[in-house]
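Shown next, in structure tokens, is the structure this report addresses.
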Amino acid sequence: MALKIPKNARYRKRVGAFSGVDIKHDESVIGFSTAARVYNFDFASGALRDGYGIAAHEHVHPYTQRYFVYRYFSEEAGRYVDQYVYQIESGHLYFYDELAGKIRLISGIAYPPFEAMNYRINGKDVLLISCEGHPLITWDGSRLISHEETPRISSMALHYERLFVTSKSEPTKLFFSADFDPLNWSTAGNEGGFIELLDDRGEMNKVVSFADYLYVFRDHGISRITAYADVKEFAVSNLFVAAGRIYPETIQKCGSVIMFLASDGLYVFDGYDCRRVLTQLDGLIEDGVASAFFDGKYYLSCKADFGDGKTVGCENDEHKANMLLVYDPLTGEYSVSRGLNIIFMNACTFCGEDFLAAFDRSPNIRVGGGVIVRNGKRLDAPLPKHWESPQSDFGVPDKYKSVREVYIDTDTDVTVCIGGDKKSRSVSVKKGARRVRFNVRARNISLGIDTAECDCRIKPPTVIYSQ
């Protein structure tokens, strides 16, 4: 008679569709498919794919630190022509015109980082340029003119054919130009002037034209200004007081809302009320550096503390930012990239092509200008990608679990790690549908997936265990 040896029952724990990260809550209450830590993977499809990175582009000069497209009507060509204007690290301005097909110097003056917008003055297309400590500057494709009689501008917005600006030198005042003339700031008659706001919301840092009103974002609040044609009918109302400081570099119009980062978290503003979003990332983001709205998504470059003691990409050098957050305000989907020191972004259209121009600064990378794409790279260098589950007791906290195998299907080589009770084991896995053997025994189990490759598609794995 054969001796029957009892076997431990085996159980399956499937990750399910990969979902977002939760830094805020304790790992014991987070679902196994929600990441305790993730970066450089995009998980919107439920599988792990390449996250966002930066790539070189033929129409973005590699030394670009600021980049704007100037569009003007060419009598010679008989059509509108695109010209991109960019700034290099020295502060000098250059341009490339699609008709001439050459890069040329605009100015050898070392300007601070600039902002720009297209406008039409006296029947001529110009680019309005502002930079801290300087008056308004105009570029008409051949001449750069500094208009000394204008305010020193820190931010600007066009609203009902007036130019409204804030100024670091007079941070309690919002200046406005005459109707249809951004070069006329005279306070005589019904022309230019200023609105002064003196209260505990702090300095004016950015002005935005949105939904028929002007919104002034201040250190700790938002003020709304009704500003139609008649100066006598201008009116101010205070809407929102922030618990933390609002970072002006992060304020962006995103379709039907405005998004911004404050020191206490990320906000969505609809013109009347503010609400917090992505509260599960509380404790991760520390400071805002740059932002943009492109292809229906809000892009935020920021400083973050991942708390794992590792250095990824730009974290090996001096950096202002190390994380790129991409958020869809309609669906709530988001992606987290790590190791990118993005200090500038701008959504552009040049010669019919839409792209998000960006600059990634690093002392060890000579060129940092490019475009934001979902390629999982920092220029030519693949970014390390990581997904890590929370520690889970699989619904049985009082029993030990012995992980026997992990089933995984991947298009790239990966490293799979099983951790538990302060111990772990990692196994390198070739691409394909694989069964990976483990022998890890613990009360609480975690699963980690790492790869340094691109073109990823990793399906949710299954953990086989006994207890």
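The values are calculated or read from the model by the stated rules, or taken from the named source; none is laboratory data. Keep in mind it's a predicted model, so treat the numbers as computed, not measured. All Cβ positions, even for glycine, are placed from backbone atoms using ideal geometry, and neighbour counts span all protein chains on display. Calculation scope for accessible area: heavy atoms of the full protein, side chains included, ligands and nucleic acids excluded. Shrake-Rupley method; radii C 1.70, N 1.55, O 1.52, S 1.80 Å.
Over the chain, the pair-distance histogram of Cα-Cα distances with 20 Å bins from zero comes to 22, 47, 23, 7, 1, 0 percent, rounded to whole numbers.
Need one word for the range 149-203: rounded, prolate or oblate. Basis is the Cα gyration tensor (sqrt eigenvalues a ≥ b ≥ c); a/c below 1.5 gives rounded, then a/b vs b/c decides. It is prolate, given that a/c is not under 1.5 and a/b is the larger ratio.
With 28 Å as the limit, the listed pairs 320/385; 399/430; 310/422; 303/431; 253/310; 13/377 have 399/430; 303/431; 253/310; 13/377 beyond it between alpha carbons.
Less than 5 angstrom separates the built amide H of residue 271 from those of 258, all sequence-distant by 5 or more or on a different chain. Need the list of aspartates and glutamates near residue 168 for cross-linking: C-alpha distance under 18 angstrom, and skip anything on the same chain fewer than eight residues off. The qualifying aspartates and glutamates are 115, 132, 148, 149, 196, 199, 200, 203, 219, 249. Using a cutoff of 8 angstrom between alpha carbon atoms and counting only pairs six or more residues apart, the relative contact order for the range 240-383 works out to 15 percent. The peptide list 314-327, 449-462, put in order of mean Cβ contacts within 10 Å with the highest first, becomes 314-327, 449-462. Ordering 65-76, 372-383, 36-47 by mean Cβ neighbour count within 10 Å, with the highest value first, yields 36-47, 372-383, 65-76.
For the range 1-116, the per residue solvent-accessible surface stands at 54 Å², with DNA, RNA and ligands left out and a 1.4 Å probe.
Taking square-rooted eigenvalues a ≥ b ≥ c of the alpha carbon gyration tensor, is the range 169-278 rounded, prolate or oblate, where a/c under 1.5 means rounded and, failing that, a/b exceeding b/c means prolate? Cα axes put the range 169-278 in the prolate bin.
Overall, the accessible surface of the chain at a probe of 1.4 angstrom is composed of carbon and sulfur to the extent of 47 percent. The phi torsions of the range 255-272, fed into the Karplus equation with coefficients 6.51, -1.76 and 1.60 and a -60° offset, translate into couplings of x, 8, 9, 10, 10, 7, 10, 10, 5, 9, x, 8, 10, 10, 10, 9, x, 10 Hz, rounded to whole numbers, with Gly and Pro shown as x. Along the range 187-197 the Karplus relation, 6.51 cos²θ - 1.76 cosθ + 1.60 evaluated at θ = phi - 60°, assigns HN-Hα couplings of 8, 6, x, 10, 9, x, x, 8, 10, 10, 10 Hz to successive residues, with x for each Gly and Pro. Between residue 264 and 244, 245, the built amide H atoms are under 5 Å apart, and every one of these is 5 or more places off in sequence or on another chain. Of the peptides 291-297, 429-435, the order by per-residue mean of other Cβ atoms within 10 Å, starting with the highest, comes out as 291-297, 429-435.
Looking at the range 318-467, the accessible area is 43 square angstrom per residue; that uses a 1.4 Å probe and ignores ligands, DNA and RNA. Give the long-range amide H neighbours of residue 134: residues separated by 5 or more places, or on another chain, with amide H under 5 Å away, using H modelled in the peptide plane at 1.01 Å from N. So residue 134 has HN proximity to 153.
Calculated accessible area for the range 173-261 comes out at 42 Å² per residue, all protein chains present (probe 1.4 Å; ligands, DNA, RNA ignored).
The HN-Hα couplings worked out from phi for the range 78-90 by the Karplus form 6.51 cos²θ - 1.76 cosθ + 1.60 (θ = phi - 60°) are x, 7, 6, 10, 9, 9, 9, 10, 9, 10, 9, 4, 5 Hz, whole numbers, x standing for Gly and Pro.
Bridging of residue 423 to aspartates and glutamates at a Cα separation below 20 Å is possible for 26, 27, 308, 388, 393, 398, 405, 450, once same-chain residues fewer than 8 apart are set aside.
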